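Notes for the one structure printed next.
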Amino acid sequence: MKRTVITIAISALLGSASFANGNGQGEKAQRKAGKKQYEIVGRVKYELLDTTLFNLYRAQRPIASTKGIPPYTTAYFFKTANGEIRPLTIQYLKKNWSSVPAFHYALDAQFRSDSELSAWDPCQKMYKVKYLLSQALLN
């Protein structure tokens, strides 16, 4: 499937946007500078949230609705070592870091469900799952 990476710089004062293509490899999502980076795979646009340790994405997904425009839910994803974008689930994280058992135990201890994996830690100023992985890799 063809992948396209787009960086969008938004000027709040001018209300304009500029588009630039990039390879997406090792680049930081420049959210503080007002830039958002997306990776488009097929018809899905993934917004790159963070690149520390692994690329973390989010995408708006439609859900069933009975009236009008269908509402959307936010789903989170990560990129595996072989470059596939997978749902952010405990199962996929354990599979991707199978050689780090301390990370497996930390996932089981910290998270009750997959929906908790996208939690932000305000003290560490990073996503909790990334903090747990960094600590597991240090040990």
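The values are calculated or read from the model by the stated rules, or taken from the named source; none is laboratory data. Fair warning: this is a prediction, and the values are worked out from it, not measured in the lab. Using ideal geometry, Cβ is built from the backbone for each residue, glycine included, and neighbour counts are taken over all protein chains shown.
General remarks:
- Evaluating Ser99 against the criteria (1) surrounded by 11 or more Cβ atoms within 10 Å (Cβ to Cβ); (2) in a loop (DSSP other than H, G, I, E, B); (3) not basic (Lys, Arg) leaves one unmet condition, (1).
- So Ser134, is it touching a residue at least 60 places away in the same chain (Cβ under 8 Å), surrounded by fewer than 16 Cβ atoms within 10 Å (Cβ to Cβ) and farther than 19 Å from Thr74 by Cα: yes
- Residues considered: Ala29, Ala75, Ala64. Of these, the only one that is under 22 Å from Lys130 (Cβ atoms), aliphatic (A, V, I, L, M) and at pLDDT 50 or above is Ala75.
- Residue in region 125-139 that is modelled with pLDDT under 90 and not β-branched (Val, Ile, Thr) present: yes
- Filter result for Ala109 (of a type in the set (Gly, Ala, Ser), part of a helix (DSSP H, G or I), modelled with pLDDT of 95 or more and exposed (fewer than 14 other Cβ atoms within 10 Å of the Cβ)): yes
- Of residues in region 50-64 being closer than 25 Å to Gln124 by Cβ and without any contact (Cβ under 8 Å) to a residue 40 or more places away in the chain, the one surrounded by the fewest Cβ atoms within 10 Å (Cβ to Cβ): Thr51
- Where Gln91 falls short, out of the listed (1) of a type outside the set (A, V, I, L, M, F, W, C); (2) exposed (fewer than 12 other Cβ atoms within 10 Å of the Cβ); (3) at pLDDT below 90; (4) out of contact with any Phe, Trp or Tyr (no Cβ under 7 Å at 6 or more places or on another chain): (3)
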